[in-house]
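K.L.:
Following this message is one structure expressed as structure tokens.
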Amino acid sequence: MKKSDLLYEGKAKKVFKTNEEGYLIVSYKDDATAFNGVKKGSIRNKGAINNKMSNFLMKILAKSDIETHYVEELNDRETVVKECEIIPLEVIVRNVAAGSLSKRLGLAEGVRLSMPVIEYCYKDDELGDPMVNRYHIQAMNIATIEELELIEYLAFKINDNLQQVFNRIDIELIDFKIEFGKLKNGNVILADEISPDTCRFWDKHTRMKLDKDRFRRDLGQVEEAYEEVYGRLLKYQEELA
Ligand code: UDP
């Protein structure tokens, strides 16, 4: 498959058209932003790590009948994905209080929630991705109730699968953000990425943060954290093989 015109350039990825209908090529960058683009920087090797980690996790999810946009890894930074219409929602799943939830509800970071929580943010940079609920989403025709039921079923299933994987490599999955897209046939599939940019990963024993919070909060050892999670996943991948 050949890359053609640049379709879209986001904060962390570029998306290209291809010579084949229905397929796009995603190219992951090392650029890092936080707080809606206010904080800018670069994390060495992040593009390659996020590309490979996301592809590995999506392949695992596919085994549990979760349809994803993943098609083929072309090289360290580039992957062929199915073209889909992104549903403009950040679907956040939380197992442990952290970040904005801790602030909003006054829960200390690290307190386990008695059940996983789903939150939605409407993807709109100008509005700063405001939090919305099922009613806003239906009222604004962003998704139907049937699509939301499916999205929540898939989000919990993804959470179960990811928690199992990360538990095996001594990482606590605190929370994560996923995005879904719609294929022309109406199927709702998992799109975007699953990486330390979009998840909170804490070491199970030391509770050291191994994710983008190191960049957001200037905690140092940013590259090392990304490498650490990826290294543990690679070892797990080798054990599976
Ligand atoms: N998240 C993300 N993109 C965003 C906002 C959040 O990937 O634009 C992820 C974030 O990495 C974390 C989860 O969603 O794993 C919950 O983030 P939270 O709402 O606590 O926001 P934050 O504290 O990062 O502003």
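K.L.:
Taking the range 29-40, which residues are loosely packed, with under 14 Cβ neighbours inside 10 Å and touching a residue at least 24 places away in the same chain (Cβ under 8 Å)? I'd like the intermediate steps shown before the answer.
P.N.:
So the first thing to find is which residues in the range 29-40 are loosely packed, with under 14 Cβ neighbours inside 10 Å, and the list is 35-40.
F35, N36, G37, K39 - these are the residues of the range 29-40 that are loosely packed, with under 14 Cβ neighbours inside 10 Å and touching a residue at least 24 places away in the same chain (Cβ under 8 Å).
K.L.:
Could you list all residues from the range 119-137 that are more than 11 Å from the ligand (Cβ to nearest atom), among the aliphatic types (A, V, I, L, M) and in contact with a helix residue (DSSP H, G or I) (Cβ under 9 Å, 6 or more places away or on another chain)?
P.N.:
I137
K.L.:
So which residues in the range 189-200 are within 22 Å of V81 (Cβ to Cβ) and buried (at least 20 other Cβ atoms within 10 Å of the Cβ), if there are any at all? Lay out the reasoning, then the answer.
P.N.:
We begin by selecting, within the range 189-200, every residue within 22 Å of V81 (Cβ to Cβ); these are 189-199.
If the condition is that a residue be within 22 Å of V81 (Cβ to Cβ) and buried (at least 20 other Cβ atoms within 10 Å of the Cβ), then L190, A191, D192, E193, I194, S195, P196, D197, T198, C199 are the ones that fit.
K.L.:
Against the condition charged (D, E, K, R), over 25 Å from E126 (Cβ atoms) and more than 16 Å from the ligand (Cβ to nearest atom), how does K14 come out, does it pass?
P.N.:
Numbers: charged (D, E, K, R): yes; over 25 Å from E126 (Cβ atoms): no; more than 16 Å from the ligand (Cβ to nearest atom): yes.
Here the answer is no, as K14 does not meet what is asked.
K.L.:
Is there a residue being open to solvent by less than 40 Å² (accessible area, probe 1.4 Å), touching a His at 6+ places or on another chain (Cβ under 7 Å) and of a type outside the set (K, R) anywhere in the range 81-90? Show your work before the answer.
P.N.:
Taking the range 81-90 first, the residues open to solvent by less than 40 Å² (accessible area, probe 1.4 Å) are 81, 84, 87, 89-90.
So of that shortlist, the ones also touching a His at 6+ places or on another chain (Cβ under 7 Å) come out as 81, 84.
Still in the running and of a type outside the set (K, R): 81, 84.
Within the range 81-90, one or more residues are open to solvent by less than 40 Å² (accessible area, probe 1.4 Å), touching a His at 6+ places or on another chain (Cβ under 7 Å) and of a type outside the set (K, R).
K.L.:
Restricting to the range 113-131, give me the number of residues that are more than 20 Å from D192 (Cα to Cα) and surrounded by 11 or more Cβ atoms within 10 Å (Cβ to Cβ).
P.N.:
Here the count works out to 3.
K.L.:
Could you check the range 73-114 and list, in sequence order, the residues that are free of Cβ contacts under 8 Å to residues at least 40 places away in the same chain and either closer than 20 Å to G22 by Cα or away from the ligand (no atom under 16 Å from the Cβ) (or both)? Steps first, answer last, please.
P.N.:
Kept after step one, since they are free of Cβ contacts under 8 Å to residues at least 40 places away in the same chain, are these residues of the range 73-114: 73, 75-76, 97, 100, 102-109, 111-114.
Within the range 73-114, E73, N75, D76, S114 meet the criteria.
K.L.:
I'd like the residue in the range 143-179 that is open to solvent by 30 Å² or more (accessible area, probe 1.4 Å) and part of a loop (DSSP other than H, G, I, E, B) and, out of all such residues, is nearest to I66 (Cα to Cα).
P.N.:
Looking at residues that are open to solvent by 30 Å² or more (accessible area, probe 1.4 Å) and part of a loop (DSSP other than H, G, I, E, B), I get T144.
The values are calculated or read from the model by the stated rules, or taken from the named source; none is laboratory data. Bear in mind that the values here come from a model prediction, so they are computed numbers and not experimental data. Positions of Cβ are backbone-derived with ideal geometry, glycine not excepted, and every protein chain shown enters the neighbour counts. The accessibility values were calculated without ligands, DNA or RNA, using every heavy atom of the protein model including side chains. Shrake-Rupley method; radii C 1.70, N 1.55, O 1.52, S 1.80 Å.
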